[in-house]
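One structure below.
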Amino acid sequence: MKPFAIFFVPTLVLGVFVGIQWQTQSTRSPISSRYSADLADAANAMQRDQDALRAQVASLRAQLDKVQEQAATLDDRSAAFQKQVDELKAAAGLTAANGAGVVVTLDDGRLPASAPRRSIELAIVHSQDITDVFNAAWKAGATGIAVNGERITAATACVGATIQINGRLMSPPFVVSVLGPSDEIARALGDQNELRDLKRRSELYGLRLAIDRSAEIRLPAYTGTIPVRQAIVR
């Protein structure tokens, strides 16, 4: 069997299995949950289902890694190909990483219930605020980012008034762990021209924004699905 086939076949099988699992999850009717249980209970149940599926994906990826490691011992060409795969996985956030970096903490302001509605809205952390931190960190040379233990990759979506990252519901505080040159990143994030809206709302409405250097940042591997739009077999 050619080295490429050794890597491609198990990857294809994994993709098909994961696709079936997630398709089954997405087509499950939510109507019964909406009308027979409290919305919070339904959301928690869906989160547990998703966590179970993610665990299956992580297990399958671990099995695939073992197959690829064994295949890499066949010859020099296979070993070289495995090295390329490992480098791509690291760049895509599919492997854990650690090192120095910066921790950015975002939290809602604590305004009284009697405060104007607009002020309360401005004191709350929104998905765009988190995305702004991502963009500023990437520009400053970040090599990896995670939020509350969720790795940020090109496949990541940060959406919603109730913030979801990689499909996982999150609540404040939001701890953004940024791996990379800590001095450069901290300097860039502290620049008055970066994160201007966040800094203004922090001063006026009490939204918490803290930027701290860290000698030890630990980023988990991304465990979500990887959308594939096109592939080329050479």
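The values are calculated or read from the model by the stated rules, or taken from the named source; none is laboratory data. All values reported here derive from a predicted model rather than from experimental measurement. Glycine also receives a Cβ, built like all others from the backbone with ideal geometry; neighbour counts cover every protein chain displayed.
Points worth noting:
Quick grid of which residues meet (1) modelled with pLDDT under 95; (2) crowded, with 17+ Cβ neighbours inside 10 Å:
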| site | (1), (2) |
| --- | --- |
| A136 | no, yes |
| I152 | yes, yes |
| T156 | yes, yes |
| I163 | yes, yes |
| S171 | yes, no |
| L179 | no, yes |
| A186 | no, yes |
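- Residue identified as farther than 16 Å from A92 by Cα and assigned to a helix (DSSP H, G or I) among D212, D129: D129
- On inspection, N135 does not qualify as part of a loop (DSSP other than H, G, I, E, B), over 22 Å from T225 (Cβ atoms) and free of Cβ contacts under 8 Å to residues at least 12 places away in the same chain.
- Filtering R117, R61 for residues that are at pLDDT below 70 and of a type outside the set (A, V, I, L, M, F, W, C) leaves a single hit, R61.
- For L198, the conditions (1) crowded, with 19+ Cβ neighbours inside 10 Å; (2) closer than 26 Å to A91 by Cα; (3) out of contact with any Gly (no Cβ under 7 Å at 6 or more places or on another chain); (4) modelled with pLDDT of 90 or more all hold with the exception of (2).
- Every residue from the stretch 97-119 that is free of Cβ contacts under 8 Å to residues at least 40 places away in the same chain and either part of a strand (DSSP E or B) or surrounded by 12 or more Cβ atoms within 10 Å (Cβ to Cβ) (or both): A115
- Residues of the stretch 138-164 that turn out to be part of a strand (DSSP E or B) and either touching a strand residue (DSSP E or B) at 6+ places or on another chain (Cβ under 6 Å) or in contact (Cβ under 8 Å) with a residue 40 or more places away in the chain (or both), as a count: 7
- For the stretch 165-193, the set of residues classified as in contact (Cβ under 8 Å) with a residue 40 or more places away in the chain and under 18 Å from S127 (Cβ atoms) consists of N166, G167, R168, L169, P172, P173, F174, V175, V176, S177, V178, listed by residue number.
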